[in-house]
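Below is one structure, written out as structure tokens, with a few remarks after it.
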Amino acid sequence: MDAIRLARGLAVGRMSVGAGLLVAPGLTRVWVGASAAEPGGKVLTRALGVRDLALGVGLLQAVRGGGGVGRWLGAGVLADGGDLAATLAAWERLPSLGRVGVTAAAASSVGLGLGLAWAQRSARRAEAQPAGRGLGPGAEVPRPC
């Protein structure tokens, strides 16, 4: 699967999670416990949903040619890294299924985001490389002195 399809999938997945948290804020109960059902928990969950929805829409637009793919991937990595750090900091006080699930999902998303950002940056550098440089067809290979 190519990087564009993976980035598109990441964007759609993030939008789906965001929309789900907006519509059903009680879903975070498995992650944070009973406080998710309280008014404050619902407010924070919906805010988290808006964050993920916005990050997904931005990434999808960037992938479709709007530019800034690396920035949107970076923003997602920061957000997911924050989720991961917050989960690890409260590890012992969270429901076991949720802490394991969120840790796995956040770590996977961070890894995927970093990998895609690296691939996108490498592709951009390769496109910007002047002709005759690098190891592609037509490259001039330096001769030892």
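For segment 31-48, does any single residue satisfy the condition of being in contact (Cβ under 8 Å) with a residue 60 or more places away in the chain and more than 15 Å from Ala106 (Cβ to Cβ)? Among the residues of segment 31-48, at least one is in contact (Cβ under 8 Å) with a residue 60 or more places away in the chain and more than 15 Å from Ala106 (Cβ to Cβ), which makes the answer yes.
Here Gly68 fulfils each of the conditions (1) surrounded by 19 or more Cβ atoms within 10 Å (Cβ to Cβ); (2) under 27 Å from Arg121 (Cβ atoms); (3) of a type in the set (Gly, Ala, Ser) apart from (1). Of all residue pairs spaced 6 or more apart or on separate chains, those with beta-carbon atoms under 6 Å, a first member in segment 9-22 that is β-branched (Val, Ile, Thr) and a second member that is in a helix (DSSP H, G or I) and at pLDDT 95 or above are Val17/Asp52.
The values are calculated or read from the model by the stated rules, or taken from the named source; none is laboratory data. Since the model is a prediction, treat every value here as computed from it, not as a measurement. Here Cβ is always computed from backbone atoms with ideal geometry, including for glycine, and neighbour counts include all displayed protein chains.
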